[in-house]
Amino acid sequence: MDSALIKLMLLQGRGFLRRMVRGATSPRRTILLAVGLGVMLLWLGPVVIAATKMQRSDPARVQSAAPLVLLGVCLITIVTSAGDKAIAFTPGEIDFLFVAPFTRRQLIGYKLGKSFFAAMVTGLFLSLMLLRHARWWPACYLGVLLSLLFVQLFSINAVLIAQTVGARAYSKVRQVVLGGMIVLGLVFFREFATSSGASGGIVDALNRIRESQVGSAVLAPFSVFGLAMTAPTTAALAKWASLAAALDALLLLLAFALDGTYAQAAIDASARRHAQLQRIRGGSFLSIGMKKTARYHLPQPPWLFGAGPIAWRQLTSAFRSARGLLLLLVVVAIGAGPALASMAAASHASHEAGSRIAGTLIGVMLWLTILIATMLKFDFRGDLDQMEVLKSLPICSTALAVGQILIPSLMLAVLHVVILLGAARAMPQYRTAFLAACAFAWPVDLLLYAIENLTFLLFPARPAVSSPGDFQVLGRQVVVMAIKMVVLSIACVPPMAAGYVAFLLSGNSVAVLVLVAVPLSLAEVAAFIPLLAWAFRRFDPSLDTPA
């Protein structure tokens, strides 16, 4: 690699550290940096302490799961546009490096060098998180690092091969791979369901897939990474790490062999990546893969004081990102299927196990709600760059606020209802509780999105695509999340308290609880709408729109 490119990478690393440290000059940024560092220490500290004191995971389980996880990540890079990240350059790098006297292989080396340093930092955090599943930290770190490099090199080669065979042929391959992933998920669900009655059902399902002829042949190249991560001795680590490094070297040689199409592939991937980042910054995360034209349109809704057209616009945006929504629903369905099958088996086995799994399902749904609420940004968060247009519309701010939160809350409520109905069918003894929870789905989601958008309008910020170690971004996310969770928790107390009192006075009637608590929740939503409209009116696009 040319010495100028090496110096450029060193300057970029120093600039990142300077931006993170010197950027904390104001009191607000200093607080955010301290919060980010504190959260990282509070998160990784107990993980490391628990990994050193608790019993380590069975190496056989890790070695069975690691190849499947690595294979899944590689397949996702083919199906989605995630592979563009491995080969994409920034607009400044394209303008200056592509016209500079550098060869294609030097540019590949520069990109791989940046990926290697990023993998070293990311691998540090991941190795600490996965330390409990390894025997010692050096083996865990080296195995994770080689796995990250394998994924990076696989992504680069996938994009280069796609550029070579052509976009149309590659699209067919992606469709076949997506179909294969769905079939694999169904097979795994069937294997899991048949073995869920016994202890360690997921391990049995993984072993069945791994021990089959097709599974053993496909997973053989990926097994060395799990073996390297769980190596008990230095000799075993050297053996398996050498094999993993040899696989990485083969992919590296293949990338250099395909360098003839690298320049054009990098430019195309960079353009797609830049457009994707612009959509993320605008809040339309699920618009990945959105077609330029649509052959269908939704019927016009009633006016509803102006809320109808606003909701119709957001719903149209959601439908035109159907590919991202479909992928999200497939992931949720594959993840919820084994959980519901396990609930059904556990409920028949023992009441205690069923209660424990039901509690786990509630916790998973809470985290799923937080995750999806940050992704479904068909509201004010996705219209940050169109605020001046929204302010110029002849629509009352209250009706506009209602139209903005209507669609994403309804989409999230539908997902909640589907999961809760599946849980009610899997566990008949808790059917009444799950059906009652369905009645609370939309009111609580409306309240969640009202608080989400109110916080955004008061403290506007673009979605940040941060790199590992950017503690200021982490600190801001933690502070904003804490504010939203505190407000949501306080808002849920009065309806639940009134509903519980009515529940006791009515002789433990769940129907009375629902009839009391749901209208109070809707009343709180109605109380938040004027606040949301006020925050929209005070929003000044010339001052509050972050760069």
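Residues of region 503-535 being under 32 Å from the mean Cα position of the chain (by Cα) and β-branched (Val, Ile, Thr), which ones?
Residues satisfying the conditions are Val518, Val525, Ile529.
Of the residues that make up region 423-433, is at least one under 18 Å from Val514 (Cα atoms) and polar (S, T, N, Q)? Write out each step before concluding.
Within region 423-433, the subset under 18 Å from Val514 (Cα atoms) is 424, 430-433.
Add one more test, that the residue is polar (S, T, N, Q), and what stays is 432.
Within region 423-433 (the criterion being under 18 Å from Val514 (Cα atoms) and polar (S, T, N, Q)), the answer is yes, since at least one residue qualifies.
Residue by residue, here is whether (1) modelled with pLDDT under 75; (2) assigned to a loop (DSSP other than H, G, I, E, B) holds:
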{"site": "Lys7", "(1), (2)": "no, no"}
{"site": "Val47", "(1), (2)": "yes, no"}
{"site": "Gly72", "(1), (2)": "no, no"}
{"site": "Ala82", "(1), (2)": "yes, yes"}
{"site": "Arg105", "(1), (2)": "no, no"}
{"site": "Ser115", "(1), (2)": "no, no"}
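So if I check each of Asp445, Asp385, which one is modelled with pLDDT of 90 or more, of a type in the set (D, E, K, R) and assigned to a helix (DSSP H, G or I)? Spell out how you get there, then give the answer.
Working: Asp385 fails: modelled with pLDDT of 90 or more.
Within the list Asp445, Asp385, the selection yields Asp445.
Looking only at region 137-147, decide whether some residue is in a loop (DSSP other than H, G, I, E, B), touching a residue at least 40 places away in the same chain (Cβ under 8 Å), under 27 Å from the mean Cα position of the chain (by Cα) and crowded, with 22+ Cβ neighbours inside 10 Å. Spell out the reasoning first.
Step one: of region 137-147, the residues in a loop (DSSP other than H, G, I, E, B) are none.
No, region 137-147 contains no residue that is in a loop (DSSP other than H, G, I, E, B), touching a residue at least 40 places away in the same chain (Cβ under 8 Å), under 27 Å from the mean Cα position of the chain (by Cα) and crowded, with 22+ Cβ neighbours inside 10 Å.
Of the residues Met120, Met40, which is modelled with pLDDT of 80 or more and not aromatic (Phe, Trp, Tyr)? Working first, answer last.
Working: Met40 fails: modelled with pLDDT of 80 or more.
Criteria check complete, one pass: Met120.
Within region 444-458, how many residues are in contact with a Pro (Cβ under 8 Å, 6 or more places away or on another chain) and within 10 Å of Glu524 (Cα to Cα)?
Residues flagged as in contact with a Pro (Cβ under 8 Å, 6 or more places away or on another chain) and within 10 Å of Glu524 (Cα to Cα) within region 444-458 amount to 0.
Among the residues of region 500-510, is any modelled with pLDDT under 85, outside any helix (DSSP H, G or I) and open to solvent by less than 40 Å² (accessible area, probe 1.4 Å)? I'd like the intermediate steps shown before the answer.
Kept after step one, since they are modelled with pLDDT under 85, are these residues of region 500-510: none.
Scanning region 500-510 turns up no residue that is modelled with pLDDT under 85, outside any helix (DSSP H, G or I) and open to solvent by less than 40 Å² (accessible area, probe 1.4 Å).
The values are calculated or read from the model by the stated rules, or taken from the named source; none is laboratory data. Here the structure is a predicted model, which is why all the values come from computation and not from measurement. Ideal geometry is used to build each Cβ from the backbone, glycine not excepted, and the neighbour counts take in all protein chains shown. In case anyone asks, the SASA skips ligands and DNA or RNA and just uses the protein heavy atoms, side chains included. Shrake-Rupley method; radii C 1.70, N 1.55, O 1.52, S 1.80 Å.
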